[in-house]
Amino acid sequence: MVETSKNLKFGGFCSIGYKSQGGYQKDNSAFIFSLDKLKTYNVIKDSTAVYWDSDYGPLFAGDRIVVNNKFYSSTNYANQKNEYYELPENYELNNGESEYKIKELEVFKIN
């Protein structure tokens, strides 16, 4: 979950584990969410859910929620409407803006 410098909170869930060697992964149980809007957006069946890369943090659907490896000092990017998740509007998670700065980042592993 990301909290931005403008106090917006959003994130994503996937049921597959992180792999630092990278690659696109499908996960039909994945979703992204907005705590501010109290909404979830499901992955479209059999679409790319996440992209793992050791140079970044979690990337949902390739570049929908991007967390750069310099987390707090770098610009990050949010959820353009795409073919991977059921988002009705461009950058909906980030109130219409494509870029954000991270105030707080939390990553959880559920066993």
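The values are calculated or read from the model by the stated rules, or taken from the named source; none is laboratory data. A quick note: this is a predicted structure, and the numbers were derived from the prediction, not measured. Here the Cβ is made from the backbone with ideal geometry for all residues, glycine too, and neighbour counts use every protein chain on show. Please note that ligands, DNA and RNA were not included when accessible areas were found on the heavy atoms of the full protein model with its side chains. Shrake-Rupley method; radii C 1.70, N 1.55, O 1.52, S 1.80 Å.
Numerical summary
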read-out	value
Checklist (1) modelled with pLDDT of 85 or more; (2) in contact with a strand residue (DSSP E or B) (Cβ under 8 Å, 6 or more places away or on another chain) applied to K45, failing item	(2)
Residues that are of a type in the set (A, V, I, L, M), surrounded by 13 or more Cβ atoms within 10 Å (Cβ to Cβ) and more than 13 Å from the chain's Cα centre (by Cα), drawn from region 36-56	I44
Leading residue by the ranking (farthest from Y84 (Cα to Cα)) among those in region 8-34 that are open to solvent by 80 Å² or more (accessible area, probe 1.4 Å) and in contact (Cβ under 8 Å) with a residue 24 or more places away in the chain	Q21
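Conditions tested, residue by residue: (1) at pLDDT below 75; (2) touching a Leu at 6+ places or on another chain (Cβ under 9 Å); (3) basic (K, R); (4) not in a loop (DSSP other than H, G, I, E, B).
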{"site": "S15", "(1), (2), (3), (4)": "no, no, no, no"}
{"site": "Y18", "(1), (2), (3), (4)": "yes, no, no, no"}
{"site": "V50", "(1), (2), (3), (4)": "no, yes, no, yes"}
{"site": "V67", "(1), (2), (3), (4)": "yes, yes, no, yes"}
{"site": "S73", "(1), (2), (3), (4)": "yes, no, no, no"}
{"site": "K81", "(1), (2), (3), (4)": "yes, yes, yes, no"}
{"site": "L87", "(1), (2), (3), (4)": "no, yes, no, no"}
